[in-house]
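Notes follow the structure.
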Amino acid sequence: ECTQLPCSRHLPTVGEGSSSCSPAPSPAPQPLSTMQRTAALILALSCTAAALTVPKGNAALVKSASAIAAPADLDAAPARAVAAKPRGGGMPLFMGMDVGLLGYFFFWYLGNYYYNITNKLALKNSGGASGYPMTIASLQLGIGCIYAIFAWAAPDMRKFPSITADDVVTMLPVAFCAMMAHCASVFAMSAGAVSFGQIVKAAEPAFAAVLSQFVYGKPISKAKWLCLIPVIGGVIIASVKELDFAVSALVAACSANLFAAFKGNENKKLMDTPGLKDRLGTVGNQFAITSLLSFLMSLPMMYLTEGGKFGDFKEVLKTNSLVKNNFLLSGLYFYGYNELATMTIKKTSAVTQSVANTAKRVIVIVGVAIVMGESLNPLKLAGCAIGIGGVFLYSIIDSLVKKK
């Protein structure tokens with residue numbers, strides 16, 4: 001009997017041709033470790049570069065700094081230089097393209113892709129759903145918080161927000177929903193295939209539509225309701241012959257969708273708070289504060305659900321480098337890609353966001369399934385295509401109807 005994790009069904013790597021369990025096999029994901037570390041470093045550097053970007057509103061500060069350096073030149077040249085930069089980025093246009101925005105998209109996709117891989121590896125090699133999913137989910141948030149604190153502490157990297165205690169209280173609902181969405185998503189990944197969880201999570205617009213209509217009193221159009229038919233139908237089709245299907249994974253992914261939908265609506269309410277945007281300062285600060293609050297709120301849940309196993313989890317980290325490395329990397333990837341996604345969304349139109357999210361989900365579902373050796377039968381691919389196509393149509397249908 002093979003006693004190694006994950007034994008004969010260990011995760012395949014590129015070029016691996018045998019699934020038998022040998023007495024001392026090399027860890028399956030080792031060939032990817034260098035790529036993963038490199039991607040994490042690049043992602044952290046890109047977030048740092050974004051944090052150092054001069055906002056458009058700081059033109060006056062740039063002008064005053066130039067005046068100190070060259071008091072004789074008091075014209076408006078510094079202001080014109082800042083205004084000529086792409087929105088939110090400090091990089092120039094190349095052949096009509098915003099290089100900074102393209103970089104945001106690339107590293108957003110890269111971070112999301114590697115997060116799903118490292119997250120699944122950490123979960124599977126620590127016992128899956130019966131291991132430490134809540135502990136991993138909570139501490140992943142904590143790893144991101146370390147980067148956020150570093151960004152505030154580092155000189156000239158990111159200014160600490162001037163928020164009040166009332167602002168923190170106002171942000172609690174968003175942080176709670178973000179924490180629950182993340183934890184439920186991690187549990188879904190621990191209980192089933194990454195590709196299956198991502199397909200179910202693609203149905204989030206259905207949950208958002210119901211909440212918007214019946215909880216927040218913001219009706220959606222009939223056209224959008226009709227678009228939910230292929231979304232839900234695609235998820236059902238993809239689930240029919242899912243080899244790694246588990247009811248717990250389906251329930252957890254649906255719960256993640258529910259809390260993500262609540263988060264979206266609560267975030268809209270939060271941004272209507274007078275003066276809050278100015279006190280937060282940047283999108284990065286908003287995400288950092290939300291992450292800190294989410295982490296703090298996840299600790300009691302971690303203690304209640306897996307507190308008795310925390311000692312065992314620490315021992316796993318000491319003895320299993322596969323779990324430790326992927327766990328640490330997944331936390332960095334999660335924070336990095338989410339912050340870049342937030343910045344990207346702020347710089348693009350609604351249609352561009354819809355295309356970007358659709359493309360990202362397709363890349364993650366197909367790419368991760370190939371790397372992790374998950375099933376991609378024709379029926380599952382068809383359901384995936386139908387569901388994600390419905391999500392894209394849901395995102396743009398109102399603008400298409402208005403044009404007619």
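The values are calculated or read from the model by the stated rules, or taken from the named source; none is laboratory data. This is a predicted model, so every value here is computed, not measured. Quick reminder, even Gly has a Cβ in these numbers, built from the backbone with ideal geometry, and neighbours come from all protein chains shown. Side chains included, ligands, DNA and RNA excluded: accessible areas come from the protein's heavy atoms. Shrake-Rupley method; radii C 1.70, N 1.55, O 1.52, S 1.80 Å.
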- Query: Once label points are set 7 Å from the Cα along Cα→Cβ at both residue 223 and residue 363, what is their separation, rounded to one decimal in nm?
  - Reply: 2.8 nm
- Å² per residue, accessible surface of region 198-294 at 1.4 Å: 47 Å²
- Residue span residue 272 to residue 248: 0.36 nm per residue of separation minus Cα-Cα distance leaves a gain in nm of 5.0 nm
- Item | Estimated FRET transfer efficiency (residue 149, residue 279; beta-carbon r; R0 22 Å; 0.05) | 0.75
- Item | Gain upon complete extension [residue 310, residue 168; 0.36 nm per residue less C-alpha separation] | 48.2 nm
- On the protein heavy atoms, probe 1.4 angstrom, tell me the percent of accessible surface of region 209-336 carried by carbon and sulfur. 67 percent
- Query: Quick one: how many Å² of residue 227 are accessible to a 1.4 Å probe, rounded to 10?
  - Reply: 10 Å²
- What distance in nm separates the simple spin-label points at residue 211 and residue 370, each placed 7 Å from Cα in the Cβ direction? 3.4 nm
- Query: Leaving out ligands, DNA and RNA but keeping every protein chain, what accessible area does residue 225 have, in Å² rounded to the nearest 10, with a 1.4 Å probe?
  - Reply: 80 Å²
- Task: Using only Cα atoms, locate the centre of region 256-333 and the centre of region 359-393, then give the distance between them in Å, rounded to an integer.
- Result: 26 Å
